[in-house]
Amino acid sequence: MKFKDYLYQRPNIDEIKAKYEASIEQFKNAKDAQTQIEVIKNVFKISDEVDTMQQLVSIRYSLNTQDEFYTTETDFMDEVLPTIQNYGNEFQKEVVASPFKQELIDAFGQYYFDQIEVQLQSFDEKIIPLMVEENKLGSKYAKLIASAQIEFQGGTYNLSQMSPFTQNIDREIRHQAQLAVSGFFKSIESELDELYDQLVKVRTEQAVLLGYPNYVSLGYKRLGRTDYDETDVRAYREQIKRDVVPMVRKLGKRKSVRLGIKDLKSYDTIAFLSGNPTPKGDVTWQLEQATKMYQELSKETHEFFTFMKESELLELDSKKGKASGGYCTFIPGYKAPFIFANFNGTSHDVDVLTHEAGHAFQVYQAKDFINPSQRFPGYEACEIHSMSMEFFAWPWMESFFKEDATKYYFNHLSSAISFLPYGALVDEFQHEVYQNPTMTPKERKDTWRRLEKIYLPDKDYDDDTFLDSGTFWYRQIHIFDSPFYYIDYTLAQVCAFQYWIRNHKDHKEAWNSYVALCKLGGSKGFVELMKSASLESPFVDGTIKKTIEPLFAFLDTIDDTVL
């Protein structure tokens, strides 16, 4: 079946409520563990039915944010999902109170109960109106960003379509493209400030109603973090400041020499004077290369990618009205991953394809898990799959980039290392914002710029006074949509670097470990999944330094001045 034929029907809230109420009664009246086990399995099915419809609405709305039908259905979902979550919450209260709890743990695993615990601690019926408001504000941000119509060099472009200009070989074109993008964000500055202010307040209000001093602890629980906390993350960020920032500055100096530009500016986004590496064909051609790559990588990837193509589960073109960014999600009723991207002719096309394919490959391996919450792991473990897949794809990069392959290797690895400080910056910024929720918009911008100078000390915005005022974070969707998620990318990157090292030593061992990790899905927490895959924890002091040293040794083997 093709994706276009996947059937959407608006969920009937009364029917869903009746199903949950009946399940709760059956569960409470059960005389033995086996009966309760069967009720739990049935509730998993109810959850999948709702989630299937929610995913179809979300995907089809993101494909065209101007589609009136799916705009209406998105508003409907924003309204009712918190109520549906409440039904599930009431059922989970009964599960943790079961007299047959040990038998249930034997059937579904201890981690199932750990997940229920953080869910119960992060939800209560009294915050439903606030959650509805939060959902609507998130949808408003997506629509606002998708509305970009930027006039540049005789054309009109959305944000994704501006990327080739911001990476143009001509420095002045890059400069003017940055100013044009900043001009768009400046035109909606007051709206974004107000929108984010409302999001911070509505999230803080939820936290206070649930008994938390601020949103930080609640945000961690909403992300399902069961085996580490903000203290671990703070110590991890300190490693980045100490061990990564100085190394990234060295990469900046290499780039300065390479480009022959003494004082690099924020618009000097190209890595090489001859231009950044670019894929040597259009979307269709890149898909052909990806098909060949996954056919050759392993039998598992061959089967997976064939399914994705034949079912038309990849939407890669950038189009008017399409939401920005890229993502992978899963449609449970069809056991189908879905990949969404906005190709723009840059190397990012290949990165986002391999990245999202890593997510999709993982959930395809775990698609038969009956527990919906354990097909994907937590966000930080999820990103191990995606970022590691980018590295496992390296042997095929010559197919995509031809003569630019060495450029790609150097740029991909150095960019991944350079990303760590930015990811930690986003995280520390959010901690400061939610620990001080009464900050004014100006105070938030000042906070961003102050932290930027710690994590990215060489960033110089030149004459872009808008960005220099501390507004770069406007374009980081995670800050608006998913508080505290962004650090997960960096945690996973450190783990993915370890797979890069292992893959260079013994491909078979590394790949088998990776596939085994994918098949575990979300059956364990982040720390336990790392142990299962013999990955060293980023939270342990010294792990980051130990991990990036071999990467720099590799980069030192490349004479980047000739690229």
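The values are calculated or read from the model by the stated rules, or taken from the named source; none is laboratory data. Source: prediction; values computed, not measured. Using ideal geometry, Cβ is built from the backbone for each residue, glycine included, and neighbour counts are taken over all protein chains shown.
The table for this structure:
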{"read-out": "Complete set of residues in segment 272-282 that are of a type in the set (D, E, K, R) and surrounded by 14 or more Cβ atoms within 10 Å (Cβ to Cβ)", "value": "LYS280"}
{"read-out": "Failed criterion for PRO538 (all others in (1) part of a loop (DSSP other than H, G, I, E, B); (2) under 28 Å from HIS431 (Cα atoms); (3) free of Cβ contacts under 8 Å to residues at least 60 places away in the same chain hold)", "value": "(3)"}
{"read-out": "Test result for THR354, surrounded by fewer than 19 Cβ atoms within 10 Å (Cβ to Cβ), over 17 Å from LEU63 (Cα atoms) and at pLDDT 95 or above", "value": "no"}
{"read-out": "Only listed residue being over 24 Å from the mean Cα position of the chain (by Cα), within 26 Å of PRO550 (Cβ to Cβ) and at pLDDT 95 or above, chosen from ARG249, ARG237", "value": "ARG249"}
{"read-out": "Extreme residue, farthest from LEU210 (Cα to Cα), among residues of segment 122-176 that are surrounded by 17 or more Cβ atoms within 10 Å (Cβ to Cβ) and among the charged types (D, E, K, R)", "value": "ARG174"}
{"read-out": "Matching entry among TYR409, TYR461, TYR422 (being part of a loop (DSSP other than H, G, I, E, B), surrounded by fewer than 23 Cβ atoms within 10 Å (Cβ to Cβ) and of a type in the set (Phe, Trp, Tyr))", "value": "TYR461"}
{"read-out": "Verdict on GLU380 being modelled with pLDDT under 95, assigned to a helix (DSSP H, G or I) and within 27 Å of PHE410 (Cα to Cα)", "value": "yes"}
{"read-out": "Any chance VAL39 is closer than 30 Å to VAL96 by Cα and either modelled with pLDDT of 95 or more or assigned to a helix (DSSP H, G or I) (or both)", "value": "yes"}
{"read-out": "Single residue of segment 283-320 satisfying the filter (at pLDDT 95 or above and not in a helix (DSSP H, G or I)) that is surrounded by the fewest Cβ atoms within 10 Å (Cβ to Cβ)", "value": "GLU312"}
{"read-out": "THR447 being in a loop (DSSP other than H, G, I, E, B) and β-branched (Val, Ile, Thr)", "value": "no"}
{"read-out": "Residues of segment 489-528 satisfying the condition of being charged (D, E, K, R) and either part of a helix (DSSP H, G or I) or under 12 Å from PHE391 (Cα atoms) (or both)", "value": "ARG502, LYS505, LYS508, GLU509, LYS519, GLU528"}
{"read-out": "Within segment 321-338, tally of residues that are basic (Lys, Arg) and surrounded by 20 or more Cβ atoms within 10 Å (Cβ to Cβ)", "value": "1"}
{"read-out": "Single condition PRO277 does not satisfy, out of (1) assigned to a helix (DSSP H, G or I); (2) touching a Lys or Arg at 6+ places or on another chain (Cβ under 6 Å)", "value": "(1)"}
{"read-out": "Segments classed as helices (runs of 4 or more DSSP H), wholly inside segment 187-250, with at least 3 members that are surrounded by 16 or more Cβ atoms within 10 Å (Cβ to Cβ), on the phi < 0 side of the Ramachandran plot and hydroxyl-bearing (Ser, Thr, Tyr)", "value": "215-222"}
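For every residue, the table says whether it meets (1) more than 19 Å from the chain's Cα centre (by Cα); (2) without any contact (Cβ under 8 Å) to a residue 12 or more places away in the chain.
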{"site": "PHE401", "(1), (2)": "yes, no"}
{"site": "SER414", "(1), (2)": "yes, no"}
{"site": "VAL426", "(1), (2)": "no, no"}
{"site": "THR438", "(1), (2)": "yes, yes"}
{"site": "GLU443", "(1), (2)": "yes, yes"}
